[in-house]
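The values are calculated or read from the model by the stated rules, or taken from the named source; none is laboratory data. All figures in this text were calculated on a predicted structure; none of them were measured in a lab. Glycine also receives a Cβ, built like all others from the backbone with ideal geometry; neighbour counts cover every protein chain displayed.
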Amino acid sequence: MKEYKMRQSRVLKKLRAGETAISIKLNSSDVRVCELAAMTGFDCVWSDMEHVPNDYNVVEMQRYCCSMYDVDLMVRVQRGSYSDYVKPLELGATGIMVPHIMSAQDARDVVKMTRFHPIGLRPWDGGNADGLYCKVESDVYLEQSNSQRFVIVQIEDPEPLDELDEICEVEGIDMILFGPGDFSQAIGAPGQFDDKRLLDAREQVANTARKHGIFAGTVGGPGNYKQLVDMGYNFLNVGADVVALSNYFEDIIEQIDKIK
């Protein structure tokens, strides 16, 4: 009788081996864009449901694309109930990211809703894509859902910095991800990414994650990739589809304008 298992996480495999993983953020709902990103060589595609009106059908199709190329799909969920958090996982996403974690208790609540026993009390189904539609045995499903699916919490505000050690100690949190955009706004310096308070917080997140043996993520690009890795970040989002397309379109117009 065939033994069914969940797909292993490419991101977790690389991070646990001491390597750096990279992702690309998609705002587009076009499945072709997702497939292009997946086939290119990224470790992870970041699908957004916090700021983008994508629905679960989009997430499901993105998961199919990523699976073809052994690429992880991470969904940034909108803040809400346990259903908002676990549905992407049940559709087969490899991980979720919860924005604006404000305290250690907030992080503990996320774990309770997204991890199975003995770590949390995530509602149990198993009859969806993640459990291969009940093909994965129950004990294997619970264990692999906890060990091969990742939960990321975002630090985007100054308030949780006081409890950062406690947040990093919460069992079931794989990574803390520093979001500089919203953080700059929260300290009253929107878009000022060289503000000392922001730079200090970015270092604090990396140092605290490393101290507690969990992973640290943030956003960057080729220009500061090495700086962030040297700082201790081992998961980096290095671009976005809308930026790539916009730059490409503008470049074409500029070239044509020079010919006219």
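Would it be correct to say that Ile187 is more than 30 Å from Val71 (Cα to Cα), in contact with a Leu (Cβ under 8 Å, 6 or more places away or on another chain) and modelled with pLDDT of 95 or more? Reasoning before the result, please.
On the way: more than 30 Å from Val71 (Cα to Cα): yes; in contact with a Leu (Cβ under 8 Å, 6 or more places away or on another chain): yes; modelled with pLDDT of 95 or more: yes.
Yes.
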Set Ile256, Ile173, Ile214, Ile187: member being aliphatic (A, V, I, L, M), on the phi < 0 side of the Ramachandran plot and loosely packed, with under 13 Cβ neighbours inside 10 Å: Ile256
Top-ranked residue of segment 75-114 - restricted to ones that are assigned to a loop (DSSP other than H, G, I, E, B), crowded, with 22+ Cβ neighbours inside 10 Å and not β-branched (Val, Ile, Thr), ranked as nearest to the chain's Cα centre (by Cα): Ala93
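Conditions (1) out of contact with any Phe, Trp or Tyr (no Cβ under 8 Å at 6 or more places or on another chain); (2) in a helix (DSSP H, G or I); (3) more than 30 Å from Ala186 (Cβ to Cβ), marked per residue:
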{"position": "Pro123", "(1), (2), (3)": "no, no, yes"}
{"position": "Gly126", "(1), (2), (3)": "no, no, yes"}
{"position": "Lys135", "(1), (2), (3)": "no, no, yes"}
{"position": "Asp139", "(1), (2), (3)": "yes, yes, yes"}
{"position": "Gln144", "(1), (2), (3)": "yes, yes, yes"}
{"position": "Val153", "(1), (2), (3)": "yes, no, no"}
{"position": "Asp157", "(1), (2), (3)": "no, no, no"}
{"position": "Asp162", "(1), (2), (3)": "yes, yes, no"}
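Anything in segment 60-71 that is buried (at least 22 other Cβ atoms within 10 Å of the Cβ) and either within 22 Å of Gly179 (Cβ to Cβ) or free of Cβ contacts under 8 Å to residues at least 40 places away in the same chain (or both)? List them, or say none.
Of the residues in segment 60-71, the ones buried (at least 22 other Cβ atoms within 10 Å of the Cβ) are 62-63, 66, 71.
The answer is Gln62, Cys66.
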Some residue of segment 150-164 being without any contact (Cβ under 8 Å) to a residue 12 or more places away in the chain and either in contact with a Pro (Cβ under 8 Å, 6 or more places away or on another chain) or within 19 Å of Gly95 (Cα to Cα) (or both): no
Options Met97, Met74; residue that is under 16 Å from Ala240 (Cα atoms) and touching a residue at least 60 places away in the same chain (Cβ under 8 Å): Met74
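Across segment 174-218, what is the number of residues that are among the small types (Gly, Ala, Ser) and either assigned to a helix (DSSP H, G or I) or more than 17 Å from Ala107 (Cβ to Cβ) (or both)?
We begin by selecting, within segment 174-218, every residue among the small types (Gly, Ala, Ser); these are 179, 181, 184, 186, 188-189, 191, 201, 206, 209, 213, 216-217.
Okay, now just the ones that are also either assigned to a helix (DSSP H, G or I) or more than 17 Å from Ala107 (Cβ to Cβ) (or both), so 181, 184, 186, 188-189, 191, 201, 206, 209.
The number of residues fulfilling the criteria is 9.
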